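Peer 1: Shown below is the structure under consideration.
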Amino acid sequence: MPDIQENLPLPLYNAAQVRELDARLIAAGTSGFELMRRAAHAAWRALRRRWPEAGAATVFAGRGNNAGDGYLLAALAQRAGWRVRVLAVGDPQQLQGDAALARDEARQAGVAIEPWSECAALDGVLVDALLGTGLGGSVREPYAQAIRQINASGLPVLAVDIPSGLSADTGCALGVAVRAGLTVTFIGLKLGLFTGEAPDHVGALVFDDLAADPYIVAAQPVSTRRLAVGGVACLAPRPRTAHKGHFGHVLVVGGDLGLGGAALLSAESALRAGAGLVSLATRDVHVPAALARRPELMSRGVESANQALALMTGADVLVVGPGLGQEAWGRSLLSAAAGLDRPQVWDADALNLLAAGAVGAPARGVLTPHPGEAARLLGSDIGAVQADRPAAAVALARRHGAVVVLKGAGSLVADPQGRLALCDHGHPAMAGAGFGDVLAGLVGALLAQGLEPFEAASLAVWLHARAGERLGAQGRGLAASDLFPAIRQLLEEHSPCLPN
Ligand SMILES: NC(=O)C1=CN([C@@H]2O[C@H](COP(=O)(O)OP(=O)(O)OC[C@H]3O[C@@H](n4cnc5c(N)ncnc54)[C@H](O)[C@@H]3O)[C@@H](O)[C@H]2O)[C@@H](O)CC1
Ligand SMILES: [K+]
């Protein structure tokens, strides 16, 4: 994920909402040019902080207001004694409005403005002011070629507002997109800075509110919120008189022949996240190993749906799917669970069986698909899911009347009403076996401790990603069960067990 600041605001906007917000600020009396001037100052400040010794900058400018920001930044750098050039993609004479004023100001400051060409020599920090939130459709030539030149240069890159070519709505590269070391973004955070392919393009992220009136900002409708301290629900402190019956009984159902580890990981995760009681319904053959590893779990061998149903009716929360398989055993257990009215987390093969039409979704479900499972559930392909992850998450939530966690970098939590939360934590060291099983158990434990499905899923995703981030910093080879102590620690920092 981008190297994010701790103090980023929670709301995330799509491109249309950001444009609306800009227009409201302008209508309330701050001119567009004044906003552009503040944007240029913010970008220039961030550039100097990151590369104080560079002394030279090459600004790639397009033809809209994003270019205007770049021209004003060039003027600031020129006046500070840096070597500056603007490479204009498209005819700079055709700039209009504020962007034309900005171009004139750069000229007056003595900035050299040259037409861009593939052979242009590049110098110092590259400032990407080609395309901002006004990008529409796939990047056209010669912009695409200029972006490829930036990416091939090996020079440091600062992106103004958003890396050019990245969709502000989906975080997908529309053909090609700049890979920046630093992105400075203005007024409101764009959803596309955090999801899709964004983590590989944004670099470190700096936010500047351009001194926008907070009342106007607060009045702007928002599409999504970031998961952050203050933005995720807390578990209540425990009374000193607490007993295990207060914190729910989670039953994990899974672990067909040869697949026992996944269900055990989920059950252990539920235990380590504070569920009062955790049972495991699995194949007989897996029970001795489960008992040996975790005697605190009530590990039961079930060979028929009837046996499983007896356990299910005694539990408060079900976690169904890890290692469930798609054979008769798994199908019968899932069918037994589907009709029960209690919170249920469905993962892995439970989702594959749901996609295959073997069962219907449970009434109070939290579904936790990775992009492949989401594609199967939507009857599309992974490319289509990843091309618009927020839309895919909401579509799934609506289709199944459930809370949905769409996993992968920039995990999303959606509900059927269209509420969306995005997690901008995580680490590529988490790309491995068992991490999904741990997440499913964690959601189960939080449901058992009284959180509503959307809150439980959001807190679980956030804790899981932050734990992975902490441990991933040590490098490759992270095992999913390594997360347990870190999750415990983070949960205690967030929701202390005892009252203050
Ligand atoms: N008043 C405002 O609205 C403010 C805007 N700001 C900046 O302005 C940006 C938005 O400006 P604009 O709305 O003018 O849009 P942009 O400057 O992002 O892009 C518009 C330009 O890109 C071209 N373009 C669009 N799609 C293209 C494609 N697929 N291939 C090639 N060219 C394409 C258009 O023809 C147009 O020339 C923000 O990202 C931000 O950097 C800031 O200055 C702050 C204030
Ligand atoms: K840009």
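Peer 1: Only one of 328, 305, 337, 350 is over 13 Å from residue 440 (Cα atoms) and either β-branched (Val, Ile, Thr) or open to solvent by less than 20 Å² (accessible area, probe 1.4 Å) (or both); which? Write out each step before concluding.
Peer 2: Working: 328 fails: either β-branched (Val, Ile, Thr) or open to solvent by less than 20 Å² (accessible area, probe 1.4 Å) (or both); 305 fails: either β-branched (Val, Ile, Thr) or open to solvent by less than 20 Å² (accessible area, probe 1.4 Å) (or both); 350 fails: over 13 Å from residue 440 (Cα atoms).
Going through 328, 305, 337, 350 in turn, just one is over 13 Å from residue 440 (Cα atoms) and either β-branched (Val, Ile, Thr) or open to solvent by less than 20 Å² (accessible area, probe 1.4 Å) (or both): 337.
Peer 1: Here's something else I'd like to know. Would you pick out the residues in the range 390-401 that are surrounded by fewer than 24 Cβ atoms within 10 Å (Cβ to Cβ) and in contact with a Leu (Cβ under 9 Å, 6 or more places away or on another chain)?
Peer 2: Looking only at the range 390-401, we keep the residues that are surrounded by fewer than 24 Cβ atoms within 10 Å (Cβ to Cβ), and these are 391, 394-395, 398-401.
Hits for the range 390-401 are 394, 395, 399, 400.
Peer 1: Hey, could you check the range 105-162 for residues that are hydroxyl-bearing (Ser, Thr, Tyr) and part of a loop (DSSP other than H, G, I, E, B) and say which is farthest from ligand 1 (Cβ to nearest atom)? Explain how you work it out, then say what you get.
Peer 2: Step one: of the range 105-162, the residues hydroxyl-bearing (Ser, Thr, Tyr) are 117, 133, 138, 143, 153.
Narrowing further to those that are part of a loop (DSSP other than H, G, I, E, B): 117, 133, 138, 153.
Numbers: 117: 17, 133: 4, 138: 6, 153: 20 Å.
Within the range 105-162, the match that is farthest from ligand 1 (Cβ to nearest atom) is 153.
For every residue, the table says whether it meets (1) outside the structural domain of residue 39 (by TED's automatic domain parsing); (2) of a type in the set (A, V, I, L, M); (3) within 15 Å of the chain's Cα centre (by Cα).
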{"residue": "144", "(1), (2), (3)": "no, yes, no"}
{"residue": "155", "(1), (2), (3)": "no, yes, no"}
{"residue": "168", "(1), (2), (3)": "no, yes, yes"}
{"residue": "175", "(1), (2), (3)": "no, no, no"}
{"residue": "187", "(1), (2), (3)": "no, yes, no"}
{"residue": "191", "(1), (2), (3)": "no, yes, yes"}
{"residue": "195", "(1), (2), (3)": "no, no, yes"}
{"residue": "202", "(1), (2), (3)": "no, yes, yes"}
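Peer 1: For the range 98-118, give me each residue that is within 28 Å of residue 26 (Cα to Cα) and open to solvent by 40 Å² or more (accessible area, probe 1.4 Å).
Peer 2: Within the range 98-118, 98, 101, 104, 107, 108 meet the criteria.
Peer 1: Would you please name the residue that is surrounded by the most Cβ atoms within 10 Å (Cβ to Cβ), looking only at residues in the range 360-380 that are among the aliphatic types (A, V, I, L, M) and assigned to a loop (DSSP other than H, G, I, E, B)? Lay out the reasoning, then the answer.
Peer 2: As a first pass, look at the range 360-380 and keep what is among the aliphatic types (A, V, I, L, M): 361, 363, 366-367, 374-375, 377-378.
Checking which are assigned to a loop (DSSP other than H, G, I, E, B) leaves us with 361, 363.
Working: 361: 19, 363: 14.
Filtering first and then ranking leaves 361.
Peer 1: Next question. If you take the residues of the range 11-59 that are among the hydrophobic types (A, V, I, L, M, F, W, C) and surrounded by fewer than 16 Cβ atoms within 10 Å (Cβ to Cβ), which of them is farthest from ligand 1 (Cβ to nearest atom)?
Peer 2: Here is the first cut: in the range 11-59, the ones among the hydrophobic types (A, V, I, L, M, F, W, C) are 12, 15-16, 18, 21, 23, 25-28, 33, 35-36, 39-40, 42-44, 46-47, 51, 54, 56-57, 59.
The next check asks that each one be surrounded by fewer than 16 Cβ atoms within 10 Å (Cβ to Cβ); those that pass are 16, 23, 26-28, 56.
Values: 16: 11, 23: 7, 26: 6, 27: 11, 28: 12, 56: 22 Å.
Once the filter is applied, the top-ranked residue is 56.
Peer 1: So how many residues does the range 428-441 have that are modelled with pLDDT under 95 and either assigned to a loop (DSSP other than H, G, I, E, B) or aromatic (Phe, Trp, Tyr) (or both)?
Peer 2: Number of matching residues: 3.
This table checks each residue for (1) farther than 30 Å from residue 393 by Cβ; (2) more than 16 Å from ligand 2 (Cβ to nearest atom); (3) open to solvent by less than 40 Å² (accessible area, probe 1.4 Å).
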position: 88; (1), (2), (3): yes, no, yes
position: 96; (1), (2), (3): yes, yes, no
position: 120; (1), (2), (3): yes, yes, yes
position: 128; (1), (2), (3): no, no, yes
position: 133; (1), (2), (3): no, no, yes
position: 142; (1), (2), (3): yes, no, no
position: 149; (1), (2), (3): yes, no, yes
position: 159; (1), (2), (3): no, no, yes
position: 168; (1), (2), (3): no, no, yes
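Peer 1: Considering the range 163-186 alone, what residues qualify as being in contact with a helix residue (DSSP H, G or I) (Cβ under 8 Å, 6 or more places away or on another chain), in a strand (DSSP E or B) and either free of Cβ contacts under 8 Å to residues at least 12 places away in the same chain or more than 6 Å from ligand 1 (Cβ to nearest atom) (or both)?
Peer 2: 166, 182, 183, 184, 185
Peer 1: Name every residue in the range 170-185 that is open to solvent by 10 Å² or more (accessible area, probe 1.4 Å) and either charged (D, E, K, R) or within 11 Å of ligand 2 (Cβ to nearest atom) (or both), in order of residue number. Can you show your working first?
Peer 2: Kept after step one, since they are open to solvent by 10 Å² or more (accessible area, probe 1.4 Å), are these residues of the range 170-185: 170, 172-176, 179-181.
179, 180 - these are the residues of the range 170-185 that are open to solvent by 10 Å² or more (accessible area, probe 1.4 Å) and either charged (D, E, K, R) or within 11 Å of ligand 2 (Cβ to nearest atom) (or both).
Peer 1: Quick check on this structure: which one of 356, 384, 336, 328 is more than 19 Å from residue 457 (Cβ to Cβ) and under 20 Å from the mean Cα position of the chain (by Cα)? If you could, list the steps in order and put the result at the bottom.
Peer 2: Details: 356 fails: under 20 Å from the mean Cα position of the chain (by Cα); 336 fails: under 20 Å from the mean Cα position of the chain (by Cα); 328 fails: under 20 Å from the mean Cα position of the chain (by Cα).
After ruling out the rest, the residue left standing is 384.
Peer 1: On the phi > 0 side of the Ramachandran plot and not aromatic (Phe, Trp, Tyr): which single residue out of 356, 391, 348, 387 fits that description?
Peer 2: Numbers: 356 fails: on the phi > 0 side of the Ramachandran plot; 391 fails: on the phi > 0 side of the Ramachandran plot; 387 fails: on the phi > 0 side of the Ramachandran plot.
The match here is 348.
Peer 1: Another one. What is the residue count in the range 13-34 for residues that are within 16 Å of ligand 2 (Cβ to nearest atom) and either among the acidic types (Asp, Glu) or within 18 Å of residue 218 (Cβ to Cβ) (or both)?
Peer 2: Summing the residues that are within 16 Å of ligand 2 (Cβ to nearest atom) and either among the acidic types (Asp, Glu) or within 18 Å of residue 218 (Cβ to Cβ) (or both) in the range 13-34 gives 3.
Peer 1: On to the next question. Sort out which residues of the range 95-114 are within 38 Å of the chain's Cα centre (by Cα) and not charged (D, E, K, R), and write them in order of number.
Peer 2: Step one: filter the range 95-114 for residues within 38 Å of the chain's Cα centre (by Cα), giving 95-103, 106.
Result: 95, 96, 97, 99, 100, 101, 102, 106.
Peer 1: Here are some conditions: (1) under 34 Å from the mean Cα position of the chain (by Cα); (2) assigned to a helix (DSSP H, G or I). Residue 287 meets all but one. Which one does it not meet?
Peer 2: Unmet condition: (1).
Peer 1: Moving on. Scan (1) closer than 17 Å to residue 451 by Cβ; (2) part of a helix (DSSP H, G or I) for the single condition residue 267 breaks and write down its number.
Peer 2: Of (1) closer than 17 Å to residue 451 by Cβ; (2) part of a helix (DSSP H, G or I), only one is false for residue 267: (1).
Peer 1: Determine which single condition residue 63 fails, assuming it passes every other condition in (1) over 25 Å from residue 153 (Cα atoms); (2) within 9 Å of ligand 1 (Cβ to nearest atom); (3) open to solvent by 50 Å² or more (accessible area, probe 1.4 Å); (4) not small (Gly, Ala, Ser).
Peer 2: (1)
Peer 1: Related question: Across the range 187-203, which residue is nearest to residue 144 (Cα to Cα) among those that are outside any loop (DSSP other than H, G, I, E, B) and open to solvent by 20 Å² or more (accessible area, probe 1.4 Å)?
Peer 2: Looking only at the range 187-203, we keep the residues that are outside any loop (DSSP other than H, G, I, E, B), and these are 189-193, 198-200.
So of that shortlist, the ones also open to solvent by 20 Å² or more (accessible area, probe 1.4 Å) come out as 199-200.
Details: 199: 20, 200: 18 Å.
The extreme case among them is 200.
Peer 1: Here's a follow-up. Out of the range 238-260, which residues are open to solvent by less than 60 Å² (accessible area, probe 1.4 Å) and outside any loop (DSSP other than H, G, I, E, B)?
Peer 2: 245, 247, 249, 250, 251, 252, 253, 260
Peer 1: Report, ordered by the first and then the second residue, all pairs with beta carbons closer than 7 Å, sequence separation of six or more or different chains, a first member in the range 265-282 that is surrounded by fewer than 24 Cβ atoms within 10 Å (Cβ to Cβ), and a second member that is of a type in the set (Val, Ile, Thr).
Peer 2: Pairs that qualify, where the first residue is surrounded by fewer than 24 Cβ atoms within 10 Å (Cβ to Cβ) and the partner is of a type in the set (Val, Ile, Thr), are 271/278; 272/487.
The values are calculated or read from the model by the stated rules, or taken from the named source; none is laboratory data. No experiment lies behind these values; they were computed from the predicted model shown. Neighbour counts run over all protein chains shown; Cβ positions are idealised from the backbone, glycine included. Just the protein is used for accessible areas: all its heavy atoms, side chains included, with ligands, DNA and RNA removed. Shrake-Rupley method; radii C 1.70, N 1.55, O 1.52, S 1.80 Å.
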